[in-house]
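The structure under discussion appears below in the form of structure tokens.
The values are calculated or read from the model by the stated rules, or taken from the named source; none is laboratory data. Just so it is clear, the model here is predicted, and its values are computed rather than measured. All Cβ positions, even for glycine, are placed from backbone atoms using ideal geometry, and neighbour counts span all protein chains on display. Only protein heavy atoms, including side chains, enter the accessible area calculation; ligands, DNA and RNA are left aside. Shrake-Rupley method; radii C 1.70, N 1.55, O 1.52, S 1.80 Å.
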Amino acid sequence: MKLLTGNDLASGAVVWWTGSDWSVHLEEAADVGEHAEEIMAVEEAARRVNTPYAVDAQATPNGPRPSHIKDRIRALGPTVRPDLSLPKADRAAGSWVI
Amino acid sequence: MYRYDHYDQAMVDARVAEFRDQCARRLSGELTEDQFKPLRLMNGLYLQLHAYMLRVAIPYGTLSGAQMRMLAQVARKYDRGYGHFTTRQNIQYNWIKLEDAGTILAELATVEMHAIQTSGNCIRNISSDQYAGAAADEVADPRVWAELIRQWSSFHPEFSYLPRKFKIAVIAANEDRAAMKLHDIGLQVVRNDAGELGCAVYVGGGMGRTPMVGPLIREFVGADALMTYLEACLRVYNRYGRRDNIYKARIKILVHDLGPDEYRRQVEEEFAQLRAAPGGGIDPPAAEWDRIAAHFAPPPFQASFADDEPDLADPDFRVWLSQNVQAHKQPGYAIATISLKPVGGIPGDASAEQMDLIADLAERLSFDEVRVTHAQNLVLPHVPKRELYALWQALDAAGLATSNLDLVSDIIACPGLDYCSLANARSIPVAQRIAERFADMDRQRDLGELKIKISGCINACGHHHAGHIGILGVDRKGVENYQLLLGGSGAEDASLGKITGPGFDEAGIVDAVERTVEAYRRLRADSSERFLDTYRRVGMQPFKEAIYG
Ligand code: SF4
């Protein structure tokens, strides 16, 4: 599957396209299939997202998981600061991020 | 310390107003990201993995208590309660909101700080010896020279769009504590045979993709001609640097391709032309040197403290004293390094509370001065020996008294894949695991000086080429992998590390480091022979055998 991600323009927060909006929660991300380019063009022009890009991901029972570690770390937060991770102090995170 | 004059403040305030307006226009949609990006980068604002990142300049690593307190305030009000001190003696905040950026810069400007030229293809923050003004072995305070260079290079119209970024370091002692020869230009303030002060000029050093130790380009240029000479060095680079290829655009490639002799010839020609022009070059009059130097006059040391010695009753304090405290040129005073490398911590990170405490301690015990080191530690440069025990107690209570300066756990690590969008692999967890593996203080002290430096990609912000043991994170088909290098040094005996062989995964690299260190213990001539000296004596082979079996 393909996910769309970027940063919120004003806050810089990592966000994921849910199908109708942007969310900071990876589990809400939707498969954009072949539509990444069109969504990005509209959303960037509307200043709802900054520098969006599409990433490969796998569907899992716990939600989508980006294929590349960089995007998994973006989704969670720094692996060295579990107190800042999303969801906060997610004990299970290490098992899917790294 | 240098204090802004009317011109400095006006320049910084004008830039804040300009950037505030640019941010507002970006937020309103008037500017696209493509238009805005170069503007935000000129003000130190990056977009990193998790959010905007703001890099704030700390000229030659010197801060006052009020400035440190402001850094704490930014961390607390606008970030997540901490900041990261970098290998260029700056600080970075990782969670900045675009809508706050203008206000943050306005607040920083109230304490004479900014983020100008902390990014982009310009002359970056000037770095220097963290012991400047305190070290017994310096011929002069290098910050006077660094400040003059800061003023020359700030908004220099001709050099605001160089082929690539440009880093200058200034030292004034034979012991190089600033990795001077690994900068685009490294300057060592020296005295010539006539007793006059000037600089030895090294050009074309650097790390990154093609590491080089800078060759000596001029043995001596007098104080009255230095700025003109630097102008000539930059002009030749600006004219002939490889703008066509980002990987070949640094001055080190130009100097290497031309050869130091030809580069020197071109610089001398340019220098002669500048000197022949009306006015005789761009150097300031002696009065301007004196004005700047007055800002760096020694603080009012107490001669009556000369015979003071700290109370050595506490054994933990004694360890800290012998490891983290250095001799000061003024009898009765000492230089204290505050390690930002607690075992298991994040190298270079400090919380807002820790920054506030250090600001207080600097004001009370170090003539209102703090320094940032390129090894990501902090220094209180002028502490009366009679106050050292009280200082240590205050630091210890805040988790800031780790006694590991220059030991195996005093690791330089760049932000790596935990924060940096250019990274291939994480750096911080590797540093943490190594520090944990060698947590035993007796073991660390037995190993002696051993500098481990870790970068998360070839850009080498973690100085891995200059580590006695260097680690470079690479991406092997989407999986983190780590190369091991041995034999680098960023000190006066500068050298570049060599790769040992195939790389390792995260657990493997920690084991490989331990095997390397244990091999050193077996191979060293005696306990006074440093890791680096053993490596230089015996070469790579015995280490390779120990590492790969
Ligand atoms: S070395 Fe690479 S990963 Fe580390 S901070 Fe620099 S650019 Fe980022």
All positions within region B:207-245 that are aliphatic (A, V, I, L, M) and under 23 Å from the mean Cα position of the chain (by Cα): B:Met207, B:Met212, B:Val213, B:Leu216, B:Ile217, B:Leu226, B:Met227, B:Leu230, B:Leu234
Condition test on B:Gly195, is it part of a loop (DSSP other than H, G, I, E, B), more than 28 Å from B:Leu63 (Cβ to Cβ) and at pLDDT 95 or above? yes
Considering only region B:22-36, how many residues are more than 9 Å from chain A (Cβ to nearest Cβ) and farther than 18 Å from A:Ser11 by Cβ? 3
Can we say B:Leu400 is in contact with a Lys or Arg (Cβ under 9 Å, 6 or more places away or on another chain) and either within 16 Å of the ligand (Cβ to nearest atom) or modelled with pLDDT of 95 or more (or both)? no
Helices (runs of 4 or more DSSP H) contained in chain A and holding at least 1 residues in contact with an Asp or Glu (Cβ under 7 Å, 6 or more places away or on another chain) and within 9 Å of chain B (Cβ to nearest Cβ): A:69-76
Taking the condition buried (at least 23 other Cβ atoms within 10 Å of the Cβ), more than 8 Å from the ligand (Cβ to nearest atom) and within 14 Å of another protein chain (Cβ to nearest Cβ), does B:Ala423 pass? no
Cβ-Cβ under 9 Å, sequence separation 6+ or interchain: first residue in region A:16-39 and more than 19 Å from A:Asp90 (Cα to Cα), partner loosely packed, with under 13 Cβ neighbours inside 10 Å and among the hydrophobic types (A, V, I, L, M, F, W, C). Which pairs? A:Asp31/A:Ala59
Out of all the residues in region B:480-496, is one or more within 14 Å of chain A (Cβ to nearest Cβ), under 21 Å from A:Arg72 (Cβ atoms) and at pLDDT below 95? no
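I need the helices (runs of 4 or more DSSP H) fully contained in region B:1-114, keeping only those with at least 1 residues that are in contact with a helix residue (DSSP H, G or I) (Cβ under 9 Å, 6 or more places away or on another chain), under 25 Å from B:Arg371 (Cβ atoms) and touching a residue at least 40 places away in the same chain (Cβ under 8 Å).
Per the criteria, B:6-28, B:65-78, B:98-109.
A quick yes/no check of all residues on (1) within 25 Å of the chain's Cα centre (by Cα); (2) farther than 21 Å from B:Arg426 by Cα; (3) of a type in the set (A, V, I, L, M, F, W, C):
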{"residue": "B:Leu39", "(1), (2), (3)": "yes, yes, yes"}
{"residue": "B:Gly44", "(1), (2), (3)": "yes, yes, no"}
{"residue": "B:Leu47", "(1), (2), (3)": "yes, no, yes"}
{"residue": "B:Leu54", "(1), (2), (3)": "yes, no, yes"}
{"residue": "B:Tyr60", "(1), (2), (3)": "yes, yes, no"}
{"residue": "B:Phe85", "(1), (2), (3)": "yes, no, yes"}
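For residues in region B:426-444 being at the interface with chain A (Cβ under 10 Å from one of its Cβ atoms) and among the polar types (S, T, N, Q), which is surrounded by the fewest Cβ atoms within 10 Å (Cβ to Cβ)?
So the first thing to find is which residues in region B:426-444 are at the interface with chain A (Cβ under 10 Å from one of its Cβ atoms), and the list is B:426-429, B:431-432.
Then drop every residue that is not among the polar types (S, T, N, Q), which leaves B:427, B:432.
On the way: B:Ser427: 35, B:Gln432: 23.
My answer is B:Gln432.
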Output for region B:143-170, where each listed residue is assigned to a helix (DSSP H, G or I) and under 23 Å from B:Val255 (Cβ atoms): B:Trp145, B:Ala146, B:Ile149, B:Trp152, B:Ser153, B:Glu158, B:Phe159
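Among the residues of region B:39-71 satisfying the criterion of being among the small types (Gly, Ala, Ser) and in contact with a Ser or Thr (Cβ under 8 Å, 6 or more places away or on another chain), which is nearest to B:Gln354 (Cα to Cα)?
Per the criteria, the residue is B:Gly61.
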Read through the list (1) within 14 Å of chain A (Cβ to nearest Cβ); (2) at positive phi, then give the number of the only condition that B:Tyr60 fails. (1)
I'm trying to understand the selection: among the residues of region B:171-188, which are assigned to a strand (DSSP E or B), under 20 Å from B:Arg264 (Cβ atoms) and either out of contact with any Gly (no Cβ under 6 Å at 6 or more places or on another chain) or open to solvent by 10 Å² or more (accessible area, probe 1.4 Å) (or both)? B:Ile185, B:Leu187, B:Gln188
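I need the helices (runs of 4 or more DSSP H) fully contained in region B:312-416, keeping only those with at least 2 residues that are buried (at least 24 other Cβ atoms within 10 Å of the Cβ), free of Cβ contacts under 8 Å to residues at least 24 places away in the same chain and within 14 Å of another protein chain (Cβ to nearest Cβ). Can you show your working first?
Working: elements: B:315-324, B:352-365, B:388-397.
Ranges flagged: none.
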If you go through region B:1-46 one residue at a time, how many are open to solvent by less than 30 Å² (accessible area, probe 1.4 Å), closer than 20 Å to B:Glu99 by Cβ and of a type in the set (A, V, I, L, M, F, W, C)? 6
